[in-house]
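The block underneath contains the structure these notes are about, expressed in structure tokens.
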Amino acid sequence: MADNGTVLEVKDLKTYYRVMKGDVKAVDNLNFTVRRGEILGVVGESGCGKSTLAYSLISLKKPLQHISGEANLLGQDLMQLSGREKRKLKLKNISIIPQYALDAFSPTKKIKTFIKDLVKQHGRRADKKFMDKVRERFKIVNLSPSVLDRYSMELSGGMKQRVVMLISSLLDPDLLIADEITSALDVTSQRFVTTLLADLRDEGIIGSAIFITHDLATLYQIADRILVMYAGRLAELGAADEIVHNPRHPYTRDLINSLPRIGIQHKDERLTGIKGTPPDLTDIGEGCRFRFRCQHRTVECDSTPKMEEPRQRHYIRCWNYKSLGSDQNE
Amino acid sequence: MNEKNEAILEAERLTKIFSSGIINKDYTVAVNNASFALYPGRVTSLVGESGSGKTTIGRLILKLIDPTSGTIFYRGEDITNIQGRNSKKDYYRQVQGVFQDPFSSFNPLFKINRVFEMLFREFKPEANNKKELICQSLEEVNLNPGRILDKYPHQLSGGQLQRLLIARALLLDVEILVADEIISMLDASTRMGVLNLLVDICRDKGLAILFITHDLNLGYYLSDDTLILHEGNLVERGATTRVYENPYHPYTQMLFESVPDIEEKWDRSREFIPEQITEVVEEFYQNNQEEGYKEVEKNHYVLMSLPDNSSPGVTEYFQV
Amino acid sequence: MGKYFGKKLAIYLATFFVAVTINWLIPRFMPGDPILSMLAQFQGLEGGQEIIQSRFVQSFGLDQPLIYQYLNFWRSLFRGDLGVSITIYPRPVIDIIRNSILFDIIVVLPAVSLSWIIGNKAGAFSGFNKKADSFLMPFFYFLTSSPYFWFAIVVVYVFGIRLNIFPTSHAYSSGMTPGFTLPFIINFIRHWFLPFFTMFLVGLGGWAIGMRNMIIYEKKANYSEYMKSLGAKDKMVRRYAFRNGVLPQVTGLAIQLGTIISGAILVQMVFSYPGLGYRMVQAVQNQDYFLLQGSFLALITMALAANFIVDIVYMIIDPRIRASYKEEK
Amino acid sequence: MFLWKKIKNNENIYYAITNVKVQIGFSLFFLIVLLAIIGPMITRYTYTEFAGPGYHPPSGDYWFGTTLQGRDVFTQTVFGLRSTILVGFIGGLIASFIGVIIGLVAGYKGGLLDEALMMLTNVVLTFPTLAVLIIVAAYLPYRGIVNMAVLVGLTVWPWTARAVRSQAMSLKSSRFVDLSRISANNVFRILFEDIAANMFSYIFMVFILQFMGTILATVGLEFLGLGPTRGISLGLIMQNAVNWNALELGMWWWGIIPGLILTFMIVSLYFINTGLDEAFNPKLREF
């Protein structure tokens, strides 16, 4: 039932961590779609549930549990599929570059052996033709194919990250989830890896991507649309330029105002952070979760705001965003 | 803009070479001939990627490790190889540090009060108004003593713990503070509070701060002077605005090019390959006739070429 | 690579040196004079008094200064002259050791290797399978906690006495003449089985527990998570985890050797199986100092040789060792 | 003691106490220690006295049966248990003490000292300890419980040294040690308050291993007739059983029961140790 463009459609998705202390509502009633050729950026502070979203889609296991809602990948609801059915989709239709990419290889296996074993799991023989394609991909990530005969501990952080990106996109998945792929790297490698993700999309190696990071500036460089998450919920979702240059949700605005930029010095303009700390997600009650830190808090904020669509494909969950005026820097 | 008065701390040709193994040692040059100075009331940011040696410089200043060569002057006095607890104690009376990971900076078994008790025991045994001094320094870093004291480290947040370490330095009324990546573990929203606090203290108390970071935006926001470090070499140093506005050294240029900016996106048509920088830098050093540092403009110096050994880069696997 | 070898070799040479020195030191500095007590045993032997007197005095070189005695001791060691046994007079100690080592090896070697292989497999199985884990582990705890000699006694009683299917002492029935005849071989194997079985079972527990813990760590390691999220079947995850778990178990083998050989001494005692350990215990009970020292040295050398072989094997199969010695600080 | 109050609130203690394996192990161990304490009080015989008819299986009068010569096996076992636990405790303490000191110094100081101490540790580790003990014990004219414990303790410490060293090295590089150093703390305060205190739960675990190791080595020696020259010990009972061919004569109780008690004690310690291992590192803590 997916129309031609939609790769992933998430409807009212709820996935909680069931722990001794109660339910951690990490992903609480999330709605978004990813179309073919689109890079969806997901941004938010640590503990806002963005990584949980990645795990929910690709490796849902205890203590994380699916509560309700759907996640339709090319028409199949990931939440209802059995382990075996979901395994068939992995790497071919949906794949992930994990947060721990620098520690993603078994220390006692060469990169080549790992690739061959992995491909065999999907019924593909790593014959000469296939290995040529792999060597071709090494050129794209600007690494010499001799890395194939190396063990992971002989590679630098930047190199490991690229090899993981290469492997995760090996069978040209329709959707590639990139979970914090820049945070452990140096500034120069961060730029290369971010543009690499966009290149993979441009060359059609990956159908679409979800790029999860806490760094809004990096996200803005390649994301077509940006979803701002706060405490497990969608705060605002829209086109990248709209979100960055015309933010409507108070949290998005505060987030952008607290970003230091070259050109602003402490003595000229004093940036303010956001007072207070993110809420604890164990059995958090009703109401807008940002209300304790929001400057525009009113009485309605005590009940959960519903999702509105002020502009085409631009969503927001806030009672008072209209009164903030949307002329931030028109 | 407080102009520079007398430097409180100067490092001259500071070098640190790590060796491992006993029989056939292999050496790594972590810091190579770094010379710089810290001035009271000014924040100096030390910017470099991981493995550039910036943390090593921080630890050299805090005398947690001893330099292989080079000297450190504190108020003109050579304190490079002071030995013995008393002379080190006098030094630590004036120089303190705050580390990157707040949670591993506190002994998990003890309440956070111990951090202050250690100071009183070593530096101010005679003080009788200990509680009062502690509460005062906590309020200065806007922490509420009631909700902080007698708590264990795991009961407080990263931001609170970092502020505690700053309060600790305030209690001692030190002259120099080494802040090694102190906000990289904190969230965007809470880090601004800690940074503004740092700069306010620097201005009000005439503190000299060495702010170590890999985040160029923060470096620009915070510091009066900037030192750019590449593989152990101090490649560019000077007033922050000058270094950022017209970077001269190829590494500094590449560093600024890779910083993502909210205002304009990267030009993705141009090829940008990080590993090429090693070759570009080597070429830069060969083509320059002058050796050592050149003052390209007032208060802005650039390393033109390496006098003797240049540290090896990892080029073997990259397809250059 | 060279550094890894160098360090290991240095340790083994130092160990051998210390062992020889202990051997030389003890009789000379212990309270009470072992030489006199040895001589006392020979009151009855007519004529032998003078020969033994000269032999011991000369080999101990009591008249020369200590340093000469020490060097003399080393020289005789390299010439293979470990003195003469008193209990089996006048057979040279070196001969007794030479054929005792054979019995040691044929029991300890198969027992250790089999318990290592099966123990690791069983440990891996219970590491991956929670149900099996709950009843396998207590069994392994019991096995690895039971002292070697007590377990030997239980084995003797159950298989030797109650079921009476295996002989419980000596290497072969006294009536048999050693040779490659079929009846002898069968008899030999039947005598060999219970000591082997004891060493195997007691050793099994330790390896299983070690591997089970390793597997639990490796199962939760990041590379396992990454493989699963890219669609790897459980079988592949298990294979990778087992490979990483097995390597430390090889070093475990080197560390456990000391304890295993100590265990062998006790097991040989219960089964009176004529290995080095048994000879050593006999030497102690009969105050046969030369045999005692000789068998002690042989045991140490055997332990060192085994350790060295395990180190070489480990160095070959673990890429981290090879790579880690190239990587700079 | 100030330090102990600190550790009590430690999360490790909470997980340790609630761990099933620790509970099983501890209760079994407690029972055996109780047996060692109460046993000698309630038995009607002394361990040398001819209590009754020899060759008598376990029964109402003789709970563990009698030996060939008619001595009461139960009495011998409980007295032997006392000496074994005592030796294990003293030997374990000595070994742990040496191991902790060497481990701390090697781990914290590093460099040449570390290499030398680790060389020593590896040398002692490579030795088959029992062989060394046999040689030394053979020459000792008088073997009391204390010098047996010291003897054994001196050979099993490398296990502690290796474990403590790796822990000390990781703790040394932690930031709170740096903070203590820039607060001009003296080395001893750092070694004890920062490093040893954080290793306390680990050192306790290693002490249990040393306690077990000492018992096994000592009973092994006793079994070879090299035990304490006076008094009774578990090893001695079993040695007598083997020497008098108890098993061939069908007196299984003489050889097997004392060893079974000893094995249960070792098993209980093993359970405690494995339970603590699970309690102290989260990865093994399976929900």
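Here's the yes/no breakdown for (1) closer than 30 Å to A:F292 by Cα; (2) facing another protein chain (nearest Cβ under 10 Å):
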residue: A:L171; (1), (2): no, yes
residue: A:L185; (1), (2): no, yes
residue: A:T188; (1), (2): no, yes
residue: A:G204; (1), (2): no, no
residue: A:M229; (1), (2): yes, no
residue: A:I256; (1), (2): yes, yes
Considering (1) surrounded by fewer than 22 Cβ atoms within 10 Å (Cβ to Cβ); (2) assigned to a helix (DSSP H, G or I); (3) small (G, A, S), say which one A:S189 fails and leave the rest. (1)
Which is at pLDDT 90 or above and either farther than 29 Å from D:M265 by Cβ or under 26 Å from the mean Cα position of the chain (by Cα) (or both), of C:F184, C:F166, C:F193? C:F193
Pairs with Cβ under 7 Å, 6+ apart, first in region A:71-88 and without any contact (Cβ under 8 Å) to a residue 12 or more places away in the chain, second among the small types (G, A, S) and surrounded by 12 or more Cβ atoms within 10 Å (Cβ to Cβ): A:D77/A:A71; A:R87/C:G231
Take region D:114-150 and flag every residue that is over 21 Å from D:A168 (Cα atoms), in contact (Cβ under 8 Å) with a residue 40 or more places away in the chain and more than 7 Å from chain C (Cβ to nearest Cβ). D:L133, D:A137, D:Y142, D:R143, D:G144, D:I145, D:V146, D:M148, D:A149, D:V150
Go through region D:45-97 and give me each residue that's buried (at least 24 other Cβ atoms within 10 Å of the Cβ) and under 27 Å from D:T121 (Cβ atoms). D:T84, D:V87, D:G88, D:G91, D:G92, D:A95, D:S96
Criterion first (among the polar types (S, T, N, Q), touching a helix residue (DSSP H, G or I) at 6+ places or on another chain (Cβ under 7 Å), touching a residue at least 12 places away in the same chain (Cβ under 8 Å) and surrounded by fewer than 23 Cβ atoms within 10 Å (Cβ to Cβ)) does C:T144 satisfy it? yes
Could you look through region C:96-116, keep only residues that are among the polar types (S, T, N, Q) and touching a helix residue (DSSP H, G or I) at 6+ places or on another chain (Cβ under 7 Å), and pick out the one that is nearest to C:P195 (Cα to Cα)? C:S115
For C:N120, indicate whether it is more than 12 Å from every other protein chain (Cβ to nearest Cβ), part of a helix (DSSP H, G or I) and of a type in the set (S, T, N, Q). yes
Restricting to region A:149-169, count the residues that are within 14 Å of chain B (Cβ to nearest Cβ) and under 28 Å from the mean Cα position of the chain (by Cα). 12
Hey, A:L102 hits all of (1) surrounded by fewer than 20 Cβ atoms within 10 Å (Cβ to Cβ); (2) touching a residue at least 60 places away in the same chain (Cβ under 8 Å); (3) outside any helix (DSSP H, G or I) but one; which does it fall short on? (3)
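Yes/no matrix, rows are residues, columns are (1) assigned to a strand (DSSP E or B); (2) farther than 25 Å from B:A169 by Cβ:
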| position | (1), (2) |
| --- | --- |
| B:I17 | yes, yes |
| B:T28 | yes, yes |
| B:N32 | yes, yes |
| B:P40 | no, no |
| B:L46 | yes, no |
Mind checking which residues of region D:151-201 are away from chain B (no Cβ under 14 Å) and not in a helix (DSSP H, G or I)? D:W157
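Restricting attention to region C:255-301, and to residues there that are assigned to a helix (DSSP H, G or I) and aromatic (F, W, Y), which single residue is nearest to the other protein chains (Cβ to nearest Cβ)?
Among those that are assigned to a helix (DSSP H, G or I) and aromatic (F, W, Y), it is C:F296.
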Considering region B:74-110 alone, what residues qualify as being within 16 Å of B:A169 (Cβ to Cβ), charged (D, E, K, R) and at the interface with chain D (Cβ under 7 Å from one of its Cβ atoms)? B:K89
Contact list, first residue from region D:248-259 and part of a loop (DSSP other than H, G, I, E, B), second anywhere and among the small types (G, A, S) and buried (at least 24 other Cβ atoms within 10 Å of the Cβ), beta-carbon distance below 9 Å, six or more apart or interchain, is D:M251/D:A241
Kindly list, by first and then second residue, each pair from a residue in region B:125-149 that is of a type in the set (V, I, T) to a residue that is modelled with pLDDT of 85 or more and assigned to a loop (DSSP other than H, G, I, E, B), limited to pairs with Cβ atoms under 9 Å and residues at least 6 apart or on different chains. B:I134/B:L149; B:I148/B:I112; B:I148/B:L156
Across region A:245-290, the tally of residues that are surrounded by fewer than 22 Cβ atoms within 10 Å (Cβ to Cβ) and outside any loop (DSSP other than H, G, I, E, B) stands at 6
Subset of region A:207-227 (residues that are in contact with an Asp or Glu (Cβ under 6 Å, 6 or more places away or on another chain), assigned to a strand (DSSP E or B) and either facing chain B (nearest Cβ under 10 Å) or more than 23 Å from A:T277 (Cα to Cα) (or both)): A:S208
Step by step: first the residues of region C:239-266, then only those that are farther than 30 Å from D:V156 by Cβ and surrounded by fewer than 19 Cβ atoms within 10 Å (Cβ to Cβ), then the one that is modelled with the lowest pLDDT. Which residue is that? C:R243
Counting only residues that are crowded, with 21+ Cβ neighbours inside 10 Å and more than 10 Å from chain C (Cβ to nearest Cβ), which one in region D:206-220 is farthest from C:P167 (Cα to Cα)? D:V206
Scanning region A:57-110 for residues that are of a type in the set (G, A, S) and facing chain C (nearest Cβ under 7 Å), the one farthest from A:V7 (Cα to Cα) turns out to be A:S106
Total residues in region C:160-195, condition in a helix (DSSP H, G or I) and in contact with a helix residue (DSSP H, G or I) (Cβ under 6 Å, 6 or more places away or on another chain): 2
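Conditions tested, residue by residue: (1) at pLDDT below 75; (2) of a type in the set (A, V, I, L, M).
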{"site": "C:G44", "(1), (2)": "yes, no"}
{"site": "C:G47", "(1), (2)": "yes, no"}
{"site": "C:I51", "(1), (2)": "yes, yes"}
{"site": "C:R55", "(1), (2)": "yes, no"}
{"site": "C:R75", "(1), (2)": "no, no"}
{"site": "C:R79", "(1), (2)": "no, no"}
{"site": "C:Y89", "(1), (2)": "yes, no"}
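Quick grid of which residues meet (1) more than 13 Å from chain D (Cβ to nearest Cβ); (2) more than 23 Å from C:A254 (Cβ to Cβ):
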residue	(1), (2)
C:I165	yes, yes
C:T177	yes, yes
C:F196	yes, no
C:R212	no, no
Which one is farthest from D:R82 (Cα to Cα) among residues in region D:260-276 that are in contact (Cβ under 8 Å) with a residue 60 or more places away in the chain and within 8 Å of chain C (Cβ to nearest Cβ)? D:T274
In region A:128-141, what residues are surrounded by 15 or more Cβ atoms within 10 Å (Cβ to Cβ), free of Cβ contacts under 8 Å to residues at least 24 places away in the same chain and at the interface with chain B (Cβ under 9 Å from one of its Cβ atoms)? none
Condition set in a strand (DSSP E or B) and of a type in the set (S, T, N, Q), scope region B:57-78, selection nearest to D:S183 (Cα to Cα): answer is B:T71
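The values are calculated or read from the model by the stated rules, or taken from the named source; none is laboratory data. Because the structure is predicted, anything quoted here is derived from the model rather than measured. As a convention, Cβ positions derive from the backbone with ideal geometry for all residues, glycine included, and neighbour counts pool all protein chains shown.
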